[in-house]
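A.B. asks: Sharing a structure, written as structure tokens. Questions coming.
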Amino acid sequence: MEKIIKLQLALFFQSLESRPDTHYDPINVDMGNLFDGMPQIIPLPMQAPSEIPRVILNSSNARYSCTIAASRIDLIFNEVGASEADWPEITQDFSAKTNLFVKSVFSRLSIVRFGLVGSFFLPNKNAVSSITKKYLKQELGSSEELSLRYNKNADSHGLALNNVFSINTASRASPSEEKGIFIERDVNNLQTSSTLKKDDVLAIIAKFIQSYGPDQIKGLVK
């Protein structure tokens, strides 16, 4: 069964935050108390790697989480057994959540870079053959593994974007081992010296989230 493994929006701060914990409560309020689980606050020193989360928030249904590090804040949708039929609804809901998230974060922090990442699993007993037919146009015989990564650079709203596709053979326990294809889509901007504008980020997300739908993802290997 085709699955969304994870959807993630990362926003990178202009400067390091010495007290990331001060931001989680107002952001959670702006998002309608989405993160209603017990928050985890880790008092790491500033000398610790800046990308390690200092705050971890979770929704009680385990579908959404938010991590706040000294250098970034991430909104994450976690797959919890949703069926393929739920995929369009999940993407739509994540898009609505990112809208609230971006507006809240931008009202408090200066952002210089963003990343929109989607991870997906497509069952396929002939994964190597499917990928080679689509991209390599050659027979690789009895090969068991294949990895492909490419970047279709793009420009949108005055920003230079990386538009990265990663396609790999994979297996997944669900509950027995299932062979298939793991796909990751990653759209992110090249960092500039100036801060990003909220409306530009929202517009770019709205534009590219459409390519994270089931037909578009399955079309990458069919």
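The values are calculated or read from the model by the stated rules, or taken from the named source; none is laboratory data. Note that the structure is predicted; figures quoted are calculated from it, not measured. All Cβ positions, even for glycine, are placed from backbone atoms using ideal geometry, and neighbour counts span all protein chains on display.
A.B. asks: Against the condition over 20 Å from Pro88 (Cβ atoms), touching a residue at least 12 places away in the same chain (Cβ under 8 Å) and either loosely packed, with under 13 Cβ neighbours inside 10 Å or aromatic (Phe, Trp, Tyr) (or both), how does Ser147 come out, does it pass?
C.D. replies: When the stated conditions are applied, Ser147 passes them.
A.B. asks: Okay, next question. Return the residue satisfying two criteria in turn: it lies in the stretch 191-201 and is of a type outside the set (Ser, Thr, Tyr), surrounded by fewer than 17 Cβ atoms within 10 Å (Cβ to Cβ) and modelled with pLDDT of 95 or more, and of such residues it is farthest from Gln92 (Cα to Cα).
C.D. replies: Of everything passing the filter in the stretch 191-201, Lys197 is farthest from Gln92 (Cα to Cα).
A.B. asks: For the stretch 67-114, what are the residues that are in contact with a strand residue (DSSP E or B) (Cβ under 8 Å, 6 or more places away or on another chain) and of a type in the set (S, T, N, Q)?
C.D. replies: Thr67, Ser71, Asn78, Thr91, Thr98, Ser110
A.B. asks: Suppose the filter is within 16 Å of the chain's Cα centre (by Cα), assigned to a strand (DSSP E or B), modelled with pLDDT of 95 or more and among the aromatic types (Phe, Trp, Tyr); does Phe101 pass it?
C.D. replies: no
A.B. asks: Only one residue in Lys179, Lys152, Lys125 is at pLDDT 90 or above, surrounded by fewer than 11 Cβ atoms within 10 Å (Cβ to Cβ) and closer than 23 Å to Lys3 by Cβ, so which one is that?
C.D. replies: Step by step, each of Lys179, Lys152, Lys125 is checked, and only Lys125 is at pLDDT 90 or above, surrounded by fewer than 11 Cβ atoms within 10 Å (Cβ to Cβ) and closer than 23 Å to Lys3 by Cβ.
A.B. asks: A further question on this structure: Here's a check for you: in the stretch 56-72, which residue that is touching a Phe, Trp or Tyr at 6+ places or on another chain (Cβ under 7 Å) and surrounded by fewer than 20 Cβ atoms within 10 Å (Cβ to Cβ) is nearest to Pro20 (Cα to Cα)?
C.D. replies: Checked the stretch 56-72; the qualifying residue nearest to Pro20 (Cα to Cα) is Ser71.
A.B. asks: Pick out the one residue from Gln8, Gln40 that is within 28 Å of Gln210 (Cα to Cα) and either touching a strand residue (DSSP E or B) at 6+ places or on another chain (Cβ under 9 Å) or modelled with pLDDT of 95 or more (or both).
C.D. replies: The conditions single out Gln8.
A.B. asks: For the condition of a type in the set (A, V, I, L, M), closer than 23 Å to Phe182 by Cβ, more than 13 Å from the chain's Cα centre (by Cα) and modelled with pLDDT of 90 or more, what is the one hit in Ile111, Ile76, Ile131?
C.D. replies: Ile131 is the lone residue from the list that is of a type in the set (A, V, I, L, M), closer than 23 Å to Phe182 by Cβ, more than 13 Å from the chain's Cα centre (by Cα) and modelled with pLDDT of 90 or more.
A.B. asks: So if I check each of Gln92, Gln138, which one is of a type in the set (S, T, N, Q), free of Cβ contacts under 8 Å to residues at least 40 places away in the same chain and touching a helix residue (DSSP H, G or I) at 6+ places or on another chain (Cβ under 7 Å)?
C.D. replies: Sole residue among the options that is of a type in the set (S, T, N, Q), free of Cβ contacts under 8 Å to residues at least 40 places away in the same chain and touching a helix residue (DSSP H, G or I) at 6+ places or on another chain (Cβ under 7 Å): Gln138.
A.B. asks: Looking at (1) surrounded by 15 or more Cβ atoms within 10 Å (Cβ to Cβ); (2) touching a Ser or Thr at 6+ places or on another chain (Cβ under 9 Å); (3) farther than 19 Å from Asn188 by Cβ, which is the one condition that is false for Phe77?
C.D. replies: (3) is the only condition that Phe77 fails.
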